[in-house]
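The values are calculated or read from the model by the stated rules, or taken from the named source; none is laboratory data. Everything quoted here is computed from the prediction, not taken from an experiment. With ideal geometry, Cβ positions are generated from the backbone for all residues, glycine too; neighbour counts draw on all protein chains shown. The area values use the complete protein model at the heavy-atom level, side chains included, leaving out ligands, DNA and RNA. Shrake-Rupley method; radii C 1.70, N 1.55, O 1.52, S 1.80 Å.
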Amino acid sequence: MAFAELKARHSVVWGNGPYERITNTIRDIHAAVIERTDPKPGHRVLDAATGTGAAAILAATRGADVVGMDLAPVLIETASERAAAEGVTVQWDVGDVEDMSYEDASFDVVLSTCGVMFAPDHGAVASELARVTKPGGRLALACWQPETGMHDVFKMMAPFMPPPAEGAGSPFAWGDQEHVRDLLGDTFELELEEHDSPVTLPSGEDYWELFSTSYGPTKTAVEALDPDRREEFHQAWVEFGEARREGEAIVHHREYLLTLGTRR
């Protein structure tokens, strides 16, 4: 299978740290995706690359029959614990969005918030999203846009991270309208919207603490660095955050593309 080694690494990296601290900063995106897809009792919903399950749990609270799937077993464990605490039932599966185990036309609603964008084979992901969505079913993908927002975070992190895998698609291409139309335009009627999900923190130091302890890729990179490089990374992040100070806090505007589709 293409990118098998990369995905095996991802399945561990994304579970390194209390990732729910990160997903708590995009609650507005989860709410927007659920509002726009409007899952109801009787609907079967797939939250692909669910992470710690926030959107899946929201869909379940509306009475939908929900499946949450992710590549990282640790994240699925956390999602299951969160669902139990919320008192909702969700089917949690460990799986690969490039090769899903579900039957054709299984779901009325398929969604992902900043999730499927990180799978390396964009064409395979697009094909699978179309395959598992029923004719007339709804798709909603929230993906960070290129050249802004979270892309700037990854650009700042790049000198301290392993190089991208050869041949892997850029995650941020899913935030480019032309790329999304190329991937999904033949199988979905599309509506594309641009939004902002700002994160507000007291300081650049707080921004560093959040990501260096809780965001799997960052935490893994930090742990692999020697002390001097780790401190360089630390200072680069603090400076990045402080450059976005607005009065008493730093405000990082994180622009994303909301892709809404109806299966043809």
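Brief remarks on what is shown
- Of the residues making up region 106-124, just one is touching a strand residue (DSSP E or B) at 6+ places or on another chain (Cβ under 6 Å) and either over 25 Å from residue 35 (Cα atoms) or open to solvent by 30 Å² or more (accessible area, probe 1.4 Å) (or both), namely 108.
- Among residues of region 149-162, those that are assigned to a helix (DSSP H, G or I) and touching a strand residue (DSSP E or B) at 6+ places or on another chain (Cβ under 7 Å), counted: 2
Matching residues to (1) more than 23 Å from residue 218 (Cα to Cα); (2) open to solvent by less than 40 Å² (accessible area, probe 1.4 Å):
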| position | (1), (2) |
| --- | --- |
| 128 | yes, yes |
| 131 | yes, no |
| 135 | yes, no |
| 139 | yes, yes |
| 142 | no, yes |
| 149 | no, yes |
| 153 | no, yes |
| 164 | no, no |
| 168 | no, yes |
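Condition check ((1) over 18 Å from residue 257 (Cβ atoms); (2) among the charged types (D, E, K, R)) across all residues:
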| residue | (1), (2) |
| --- | --- |
| 126 | no, no |
| 129 | no, no |
| 136 | yes, no |
| 143 | no, no |
| 147 | no, yes |
| 157 | yes, no |
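- Restricting region 170-205 to residues that are over 30 Å from residue 225 (Cα atoms) and among the polar types (S, T, N, Q) leaves a set whose member that is least open to solvent (accessible area, probe 1.4 Å) is 197.
- Selected residue (only one of 12, 67 is of a type outside the set (D, E, K, R), over 12 Å from the mean Cα position of the chain (by Cα) and within 20 Å of residue 130 (Cβ to Cβ)): 67
- Residue 229 meets the conditions (1) crowded, with 18+ Cβ neighbours inside 10 Å; (2) touching a residue at least 60 places away in the same chain (Cβ under 8 Å); (3) closer than 22 Å to residue 16 by Cα; (4) not aliphatic (A, V, I, L, M) in every case but one. The failed one is (1).
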